[in-house]
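Working notes, beginning with the structure itself.
Please treat every number below as a calculation from the coordinates, not as lab data. Everything quoted here is computed from the prediction, not taken from an experiment. Cβ: placed from backbone, ideal geometry, glycine included. Neighbour counts: every protein chain shown.
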Amino acid sequence: MMSHAICIRCDRPDIAKMMRLMALALVLAFAQVTLAQAQDNRPASFADLAERVSPAVVNITTTTTIAARLDDGPRLPEGSPFEDFFRDFFDGPQGQQPNRPRRNQALGSGFVISEDGYIVTNNHVIDRADEIRIEFFSGLELEAELIGTDPATDIALLKVDHDGPLPFVPWGDAEAARVGDWVLAVGNPLGQGFSVSAGIISARGRALQGNYDDYIQTDAAINRGNSGGPLFNLDGEVIGVNTAILSPTGGSIGIGFAMSSNVAVNVVDQLQTYGSTRRGWLGVRIQDVTEEMAEAIGLDTPEGAMVTDVMDGPSQDAGIQAGDVILRFDDGQVRDTRMLVRRVADAGVGRDVDVVVFRGGEELTLSVTLGQRELAEAAGTTTPQEMPAPEPSAFLEMELEPLNNALRDELNLPAGATGLVVRAVTPDSDAAQKGVQVGDLITEANQQPVTTVADLEARAEEAREAGRRSLLVLLRRGGDPRFVALGL
């Protein structure tokens, strides 16, 4: 029985050509669909967005008075033949130097967040200003009052009074923004007021210098004078406060940073309510957990924040100890120290929160009542520890000597300090490579106090018996604690 299927000979030139043309047509059709989809996601113009948000963006001019100094003017050696001449020239009558203070002006940007005139900008824009003048897109000019500042995040809140409601822009969710999303920066770059620049989000979660940094990186052009201005998403929401640029020339090279709205909103709310920030405080010093440190204490993954010191305050009251690894805070995972610092700061003052720590191979849940960081810093809260001390020897390619009164005086340590002082470190040893230095004080090993070399050897033997390849020791240098995992 014959088949009704038709066989096409692809080796015939006309058929082969037709199939190539069909394949090319399919490729072109697919490319056109892809291009159309990409164009659908890209605005043909930012004009509508710029027109909508510009009335709420402001130019900020600050004036700072700098008092004349008595030593202003040229300095001449005493007894110089020209000394009397220059004194008469620069000083006023009867040898009085005229009090002519200089007035410096600076430019920046800001944006209105409420119809009653609250304005957000950078702290460095208005720092030490005697007068702050706001210019609106409409040409309206008003004097601004400083409500509060937060140098830690470089955020400042201003207030203007006006008879009618002012145009304002809403906050957006920076966490919802993705790398590659379009953004718009509006501000007063180099004094060229109400300039608009567009770009994309180049990266998220950047840290520059501060403990609370959460910067959005963008290639939208940001220059001097853009500071304090808004970074908008395509919905016209502020997702960042333009703060800094990375540039060898002083001008934009496509690496700008805007403080995340999720950080800025909390700060602005506190400034509006209290006139200053009120951050939560645990009362611990912490460091990131390395793979070797995790292995040394039997932690499965190198995550969390290891407590290096417990101060007199909330954590000490709750029973948190040096050597604990904080894995969870207030029902949220803690990946590293930066995450913990930000989450504690945002958690509020006086709240009871659950803190999950890893200690001695198991997890413990402790309840901590958070203090206020600003009050603790003002008080300089700290707690010294107290213990005894015996004799010198060598171990793990370090020469070690137990603390005595002479060493305490030599190293400027408090009377209750105990531990082993590092007197020498073998070059190229594991300890040297891990950064151990002469003068460091080893106070703990395997999260237990050590006062003699015998204590340290016993802790090392316990670690070997537990199948571990490293010994976790707590070093103190200049009062700052740090954990190091030394190879066994």
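Extending 7 Å from the Cα toward the beta-carbon at both T63 and A394 defines two label points whose distance is 7.2 nm. Put in line by how crowded their Cβ is, counting other Cβ atoms within 10 Å and starting with the fewest, T218, T290 read T290, T218. Built from the Cα atoms of segment 281-379, the convex hull projects on average onto 5.5 nm², one quarter of its surface area. By the beta-carbon count within 10 Å of each Cβ, the least crowded to most crowded order of Y118, Y215, Y274, fewest first, is Y274, Y118, Y215. Ranked by the mean number of other Cβ atoms within 10 Å per residue, highest first, peptides 138-146, 221-229, 291-299, 263-271 order as 221-229, 263-271, 291-299, 138-146.
By the beta-carbon count within 10 Å of each Cβ, the least crowded to most crowded order of S252, S393, fewest first, is S393, S252. Projected label points at D480 and E51, each 7 Å from Cα along the beta carbon direction, are separated by 5.5 nanometres.
To one decimal place, what Kirkwood hydrodynamic radius in Å is obtained for segment 393-487 from all pairs of distinct Cα atoms? Hydrodynamic radius (Kirkwood, Cα pairs) of segment 393-487 is 13.2 Å.
What FRET efficiency comes out for T249 versus N104 if R0 is 30 angstrom and r is the Cβ-Cβ distance? Round to the nearest 0.05. Step by step, r from the Cβ atoms, then E = 0.80.
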